Amino acid sequence: MNAKTLAKYLDFANHRQDATPEQIRQLCQKVKQYGFNSAFVNPCYVALAHDLLFGKAAVGTVVSFPLGQDQTDLKILTAMEATRRGAGELDVSMNIGWFKAGQHDQVLEEMKAVVTAVKSLPQKPLVKFIIETGCLDVVQIQEAAQLVWQSGADFVKICSGMGPRGASLEDVKLVRTVVGDKIKVKVAGGIHNLPQALAFIEAGADRIGTSKAVEIVEALSK
C-alpha cells in the first residue's frame, strides 16, 4: 500500500475540548497536504474547516459525542445544522444506555430519525453510528451492529476514542459477521501507528479515525 492509498482511509481528527481555531487551521492544512479523507472537527468548527478545505477533502463532525444521550430532537437538529454548515460526514453516538436497558426499538427509531432527517437534505451526508464496543459484550456488539445496519446508516463506527477502550481487531471481525459488506466499518481510539492502521485495514476496516494520521502516513516512507 502506498501513502496516497493509505491516506484515503484516514479521518484526521481533533476532538479535544481545548481545540483552538489555529489548531483546526493546521489540521486542515495537513489534510490537504497529505490527502487524508477528511478533517474531523467539533461542531463549532465545521464552517471554518469547510472554508479552509475548499472541497479538497471532506469535513466531518460528531453528534451527541461521546455520550449519545442528548434528546432525539437535539441530535437531529445538530446533525442537520452541521450538514448545512458543510459537514459531509456525521459520526453520531448511539444511546448505549437505552440499548443496554433493552430498549432496542427506541434506539433504532432514534437512529432512523437521524438518518431520515439528514438524508432529506440536498447534501446527503454519510452517517456513522458509534456503538462504543468497550461498553458491550460480544453478543451486544453484534446486536448493536445489526441495529445500525437496519437504521439505513452508511457506517458502523467502533468506539468514540473517548470510551472505556479503543477499537480492537476482534470488534471489527464481530461487526463484519453481522453486516458483511452491506455497510462500511470505521474504527477509532488508540490507533497511533502504521502497524495498527494496516492491521485494522486487513481486518476489514474501511475508515480509521485518528489524531496521528500524519505519523501513520509518514511511517510508510521510512
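No lab work stands behind these numbers, since they all come straight from the coordinates. Note that this is a predicted model, so its numbers are computed, not measured. Neighbour counts run over all protein chains shown; Cβ positions are idealised from the backbone, glycine included.
So here's what we get for this one:
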quantity: Region 39-95: Cα Rg divided by the 2.2 N^0.38 Å rule of thumb; calculated: 1.08
quantity: Rh by Kirkwood over Cα pairs, then Stokes-Einstein D for region 110-218 at 0.692 mPa s and 37 °C, µm²/s; calculated: 232
quantity: Size of electric dipole in region 90-222: Cβ of Lys, Arg +1 and of Asp, Glu -1, about Cα centre, debye, nearest 20; calculated: 280
quantity: Point-charge dipole on Cβ atoms (K/R +1, D/E -1) for region 3-219, about Cα centre, debye to 20; calculated: 620
quantity: For the chain, calculated [θ]222 nm from helices alone, where every DSSP H run of n ≥ 4 adds -39500 (n - 2.57); calculated: -14000 deg cm²/dmol
quantity: Extension gain (nm, one decimal) between Ala113 and Glu202, 0.36 nm per residue minus Cα-Cα; calculated: 28.8 nm
quantity: Share of Cα-Cα pairs in the chain lying beyond 28 Å, as whole percent; calculated: 23
quantity: Hz values of 3J(HN,Hα) by residue in region 31-48 - Karplus curve (6.51, -1.76, 1.60), Gly and Pro given as x; calculated: 4, 5, 5, 9, x, 5, 4, 7, 9, 9, 10, 6, x, 5, 10, 4, 4, 4
quantity: Proximal lysine pairs, region 15-163, alpha carbons under 20 Å, eight or more residues apart or interchain; calculated: 19
quantity: Per-selection Rg to Rh, region 123-170 - Cα, Kirkwood hydrodynamic radius; calculated: 0.99
quantity: Estimated vicinal HN-Hα couplings, Hz - region 126-138 in sequence order (Karplus 6.51, -1.76, 1.60; Gly, Pro = x); calculated: 6, 10, 10, 9, 8, 9, 6, 4, x, 9, 10, 8, 4
quantity: Relative contact order (%) - region 24-132, alpha-carbon pairs under 8 angstrom, separation at least six; calculated: 24
quantity: Cα centroid separation - region 150-189 against region 53-119, whole Å; calculated: 15
quantity: Whole-number D in µm² s⁻¹ for region 1-121, Kirkwood Cα-pair radius fed into Stokes-Einstein, 25 °C, 0.890 mPa s; calculated: 162
quantity: Student exercise, region 1-92 dipole from Lys, Arg, Asp, Glu Cβ charges, in Debye to nearest 20; calculated: 440
quantity: ³J(HN,Hα) computed for each position of region 66-77 - Karplus, 6.51 cos²θ - 1.76 cosθ + 1.60, integer Hz, glycine/proline x; calculated: x, 7, x, 10, 6, 5, 4, 5, 6, 4, 5, 4
